[in-house]
Every structure is written in C-alpha cells, then in structure tokens.
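One structure is given here, and the rest of the page talks about it.
The values are calculated or read from the model by the stated rules, or taken from the named source; none is laboratory data. Just so you know, these numbers come straight off a predicted model, no measurement behind them. Positions of Cβ are generated from backbone atoms using ideal geometry, with glycine treated the same way; all protein chains shown enter the neighbour counts.
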Amino acid sequence: NRNAKPPQDGVDLFIISNGVHTDICFALDDANLNWGNILDWNNFKTNKAAMKYLSIGWGDKGFYFDTPSWAELSAKTALRAAFIPSPTAMHISILQKRPIVGEMIRKTKVTKAQLQKIEKYIFKHLQTKNQKATLIDCCRYEGFDDNFYEANGAYHLFRTCNVWANKALKIGGVRTATWAPFDKCILYHFPIKN
C-alpha cells in the first residue's frame with residue numbers, strides 16, 4: 001500500500017491510540033454493516049440516538065482483563081502475551097462525539113468501499129452466533145461506554161493489537177506501515193491534521 005493515497009471525497013476513518021494500543025474508529029452513519037444488530041445496542045449505556053462513532057480494537061484477553069492500567073502491567077502478563085499464543089477479545093466503544101485529531105488520534109479519508117473491506121475484516125475477527133457478536137459480560141473501562149466480545153485469532157509477539165489494526169488498514173487499501181508492533185508505527189503514516 002506504499003502508493004495508496006486517500007480519496008479526495010470519502011468518509012473519515014480515525015486511528016486512536018492509548019499510547020500502546022490502537023483502535024479503528026468510524027462514524028456509525030458511514031458504516032456498511034448493521035453494527036446495532038451485530039452488537040445489540042442494548043448492551044451499551046448510551047442512548048441509540050446519541051451513538052455517533054464506533055471505536056474497535058482487538059487484543060490479548062490477559063491484557064484487557066488482568067491489566068486495568070499500564071501501571072499494573074506485570075512481567076508475567078507481558079511475557080505470556082508475547083511468547084505464548086493466547087486467546088483474544090474485541091474491545092468496542094461507543095463515542096458520542098467526533099474524535100479530535102491530535103497526538104494520539106489521527107484521521108484519514110477512505111471510500112465507502114474501503115470502509116466496507118475494513119468492517120468485513122473486523123467482523124471476521126468477532127466470534128458470532130447467528131451473525132451476533134458473543135458478548136463477554138464482565139469488564140468495562142471506567143469512563144467509557146464499552147464492551148468486550150469474544151474474538152477469533154491468537155495474540156502473540158508477531159500478531160499484536162497494532163499488527164491487527166495495521167492489517168485492517170492494509171485490507172482497506174490505506175497506506176500504512178509494513179509491520180506495526182507498536183502504535184507509533186501506524187500513527188507515523190497519518191500526520192496531525194483535521
């Protein structure tokens with residue numbers, strides 16, 4: 001995707017980092033898939049009318065559930081995630097406002113067809129039953145309207161959360177890193193601009 005350029009017209013696609021992990025974020029109005037049916041909006045706190053954006057990440061269950069903050073990351077959890085293929089979860093948050101581009105949030109334009117490819121990649125990594133994502137009803141992050149869902153694929157040193165997000169961008173035809181074990185590898189390709 002080295003020569004890929006964002007379309008002049010298109011929809012906004014955001015890459016959101018928490019300093020380590022990246023999410024793919026897009027407006028629900030731009031979505032090709034019926035995410036309300038897949039995720040069941042009743043599992044979220046936000047009123048359906050106030051739901052504007054969906055922010056989606058994939059990663060190691062141990063990181064998501066055993067590490068409430070980066071300060072509590074243990075060597076055991078980090079080593080296990082890096083060297084032992086481990087089960088994964090999808091972290092999905094509802095945003096009521098458009099993300100503000102800055103150091104940790106970047107934006108690019110994609111066509112609806114590109115977004116559809118990215119959405120299909122995301123959906124493929126959700127464990128589903130009858131086209132509905134399998135909710136893990138246990139954990140939520142403070143200050144977020146979010147849920148965790150069972151995911152497909154194993155997490156390991158060469159298949160991290162950022163490698164997953166980077167591949168979503170590649171599948172969508174977006175110019176991004178060759179390999180992205182860290183969030184900065186992805187963010188580098190999207191200069192700060194609104």
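So which residues in the range 183-194 are assigned to a loop (DSSP other than H, G, I, E, B), touching a residue at least 12 places away in the same chain (Cβ under 8 Å), surrounded by fewer than 20 Cβ atoms within 10 Å (Cβ to Cβ) and not aliphatic (A, V, I, L, M)? Spell out the reasoning first.
Looking only at the range 183-194, we keep the residues that are assigned to a loop (DSSP other than H, G, I, E, B), and these are 188-194.
Subsequent filtering for residues that are touching a residue at least 12 places away in the same chain (Cβ under 8 Å) retains 189-194.
Those still in the list that are surrounded by fewer than 20 Cβ atoms within 10 Å (Cβ to Cβ) too: 189, 191-194.
Passing the criteria: HIS189, PRO191, LYS193, ASN194.
Taking the range 125-137 only, how many residues are in contact with a helix residue (DSSP H, G or I) (Cβ under 7 Å, 6 or more places away or on another chain) and either on the phi > 0 side of the Ramachandran plot or part of a loop (DSSP other than H, G, I, E, B) (or both)?
1
Within the range 1-44, take every residue that is of a type in the set (Val, Ile, Thr) and touching an Asp or Glu at 6+ places or on another chain (Cβ under 8 Å) and give me the one that is surrounded by the fewest Cβ atoms within 10 Å (Cβ to Cβ).
For the range 1-44, the residue satisfying everything is VAL20.
Among the listed residues ALA154, ALA133, ALA165, ALA113, which satisfies the condition of being of a type in the set (Gly, Ala, Ser) and under 14 Å from the mean Cα position of the chain (by Cα)?
So the residue among ALA154, ALA133, ALA165, ALA113 that is of a type in the set (Gly, Ala, Ser) and under 14 Å from the mean Cα position of the chain (by Cα) is ALA165.
Go through the range 152-167 and give me each residue that's of a type in the set (A, V, I, L, M, F, W, C), in contact with a helix residue (DSSP H, G or I) (Cβ under 7 Å, 6 or more places away or on another chain) and modelled with pLDDT under 95.
LEU157
So which of ALA75, ALA113 is farther than 21 Å from VAL20 by Cα, among the small types (Gly, Ala, Ser) and surrounded by fewer than 21 Cβ atoms within 10 Å (Cβ to Cβ)? Give the derivation first.
On the way: ALA75 fails: farther than 21 Å from VAL20 by Cα.
Just one listed residue meets the conditions, ALA113.
Restrict the check to the range 65-77 and report whether at least one residue is in contact (Cβ under 8 Å) with a residue 12 or more places away in the chain and closer than 20 Å to ILE122 by Cα.
No.
Report, ordered by the first and then the second residue, all pairs with beta carbons closer than 8 Å, sequence separation of six or more or different chains, a first member in the range 108-119 that is closer than 11 Å to LEU13 by Cβ, and a second member that is buried (at least 23 other Cβ atoms within 10 Å of the Cβ) and of a type in the set (Gly, Ala, Ser).
VAL110/GLY172; GLN114/GLY172; LEU115/GLY172; ILE118/ALA168; ILE118/GLY172
Regarding LYS170, is this residue surrounded by fewer than 17 Cβ atoms within 10 Å (Cβ to Cβ), modelled with pLDDT of 95 or more and outside any loop (DSSP other than H, G, I, E, B)?
For LYS170, the condition - surrounded by fewer than 17 Cβ atoms within 10 Å (Cβ to Cβ), modelled with pLDDT of 95 or more and outside any loop (DSSP other than H, G, I, E, B) - is not met.
Checking ALA82 against (1) closer than 22 Å to LYS184 by Cα; (2) modelled with pLDDT of 90 or more, which test does it fail?
(2)
Got a sec? Which of LYS120, LYS107 is out of contact with any Ser or Thr (no Cβ under 9 Å at 6 or more places or on another chain), assigned to a strand (DSSP E or B) and either surrounded by fewer than 22 Cβ atoms within 10 Å (Cβ to Cβ) or modelled with pLDDT under 95 (or both)?
Numbers: LYS120 fails: assigned to a strand (DSSP E or B).
Of LYS120, LYS107, the one residue that is out of contact with any Ser or Thr (no Cβ under 9 Å at 6 or more places or on another chain), assigned to a strand (DSSP E or B) and either surrounded by fewer than 22 Cβ atoms within 10 Å (Cβ to Cβ) or modelled with pLDDT under 95 (or both) is LYS107.
If you take the residues in the range 1-51 that are over 28 Å from PHE63 (Cα atoms) and of a type in the set (D, E, K, R), which one is modelled with the lowest pLDDT?
ARG2
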